[in-house]
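A short reminder: the numbers here are calculations on the coordinates, not readings from a lab. Computed from a prediction, not measured in an experiment: that's the story for all the values here. For neighbour counting, all protein chains shown are included, and Cβ atoms are generated from backbone atoms with ideal geometry for every residue, glycine included.
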Amino acid sequence: MVAHSRRAVRSWALWTLSLPALGVVLLVDLGAIAYGVEAFSELPSWGGLDIVFALTVSALISVEGARRVESRRRRGGALHKDLAPAWMIAAALVLHPALAILVALLLRIWWRVRAGKCIPYRWAFSTSVHVLAIGAAHAVYLSARDLAGSSDLGLVIAMAGGAVAYAAADTLLCGLAISLIVPGSNRQDTVGGKDDLCVDATAGTLGCLLAAATLVSPWFAFVAIPITLTAQRALLLGQLETEAQTDPKTSLGRVDWWRRRTEEMLRTSRTQREPMAVLLIDIDHFKQVNDRHGHLVGDEALRAVATILRSAIRTKDVIGRFGGEEFVIALPDTGLDDATVTADRLRSAVASSPLAAMCAGVLDDPDLDPDTFRLTVSIGVAVYPADGSTLDDLLLRADRAMYAAKAAGRDRVRLAADMLADPKVGFGLNHSPGTPALPRPTPANLQHR
């Protein structure tokens, strides 16, 4: 029995963490336990259990009512934010910390029962984060109330400060853990984007309103149920809008979304008389990857290339999937020289990347040799206003330049400006008599190759 227990402990997923990640997880867990023990030891009485009951039951009803919506909203990454913290924020503001922790524990235990399978150390860590966030919210609330006074405005300021402290503690601790547990995580993966900030703001505001309502009567907590269910559906609407403009295979913007964003950038460039560059990028010999290794490998390689390109451009640059194995990038406030440097950096980044390792999640192919499984890209560059005044003009010229790069041997960058400079050059190549020129696509029928 003892030996079996030891083997079970050694098999915990907790021990697969790196040393820094393990240290952070254990430190947060121990800190939450210490704070919880201290809070309960200082609890003067159990008065306030009616508020605990009202907040817990109303929260459970709201969580269950929004279960299908939250399942639809879940992105699949380590970070997922919802409105459940609203009740914990309210508890932190109106209850003794020990009773607020009790509300959090009851909600987390219910989540654990309803979730079925989960990674235990992650559940324990998330619960500990909520406990510490409650402590931060309560401490800030009391300090702000002392500073702002006992007026109505002072109470509002104190509650808002407590809600901000809760969200900040939750975001910082979870972001730190994700960055250590999931190597390569970016800011979006660790602390979220604008949508996640809106969720935090909504939860904090709702938490303050719940706290104020329960000061009048604990049963006002149940009034928040229809509000939260409606808010959850509003969050889903934002999720659906994001999905509608995102390519599912690469997580890049769809081409119609990219065109709208780029048209706006082009209008700004005209107004401010600044240059703007368009890069059209095509993966070389991509059909051979699908034919040799299958479409699962091809899809994973496509995602890997998209990740490389996205990580190698600026925040203000706009990237999208143009179709098939083609990508398109708009570079605002970028002239010919900078665009050429950027294009060559992207080409080099793809050519030198360990794609076999990046695709390892779906690959069990003995032919997939990390030393030979490499991909390259051909890139065409067009710059406003020298190469065109409209987006279709720039796409046409970048497309022709990209064809020239392919015809010149692939894994190259070609500029639309260079082809204009030499009338003997057809798409970047010197054609001998009798050699057919490459086809010239038009903006109306640019093909997704």
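What's log10 of I(q)/I(0) for the range 167-239 at q = 0.15, 0.28 Å⁻¹, Debye sum over Cα points only, no solvent?
-0.65, -1.17
Determine ³J(HN,Hα), in whole Hz, for all residues of the range 126-143 in sequence, where each value follows from phi through the Karplus function 6.51 cos²θ - 1.76 cosθ + 1.60 and θ = phi - 60°; x replaces Gly and Pro.
Result, ordered by residue: 4, 5, 5, 4, 4, 4, 5, 5, 4, x, 5, 4, 5, 5, 5, 4, 5, 5 Hz.
Pick out, in residue order, every one of the trypsin sites (Lys or Arg not before Pro) in the range 77-141 that is DSSP loop and has at most 11 other C-beta atoms within 10 Å; say none if there are none. Write out the running numbers ahead of the final one.
Working: sites: Lys81, Arg108, Arg112, Arg114, Lys117, Arg122; in loops: Lys81, Lys117.
For trypsin sites (Lys or Arg not before Pro) across the range 77-141 that sit outside H, G, I, E and B with at most 11 neighbouring Cβ atoms in 10 Å, the list reads Lys117.
Take the range 264-326, drop everything but the C-alpha atoms, weight them equally and run the Debye formula without solvent; then report log10 I(q)/I(0) at 0.27, 0.28 Å⁻¹ to two decimals.
Rounded to two decimals, the profile gives -1.19, -1.24.
Loop-only chymotrypsin sites (Phe, Trp or Tyr not before Pro) in the range 35-70, please: DSSP not H, G, I, E or B, and at most 11 other Cβ atoms within 10 Å.
Values: sites: Tyr35, Phe40, Trp46, Phe53; in loops: Trp46.
The qualifying sites are Trp46.
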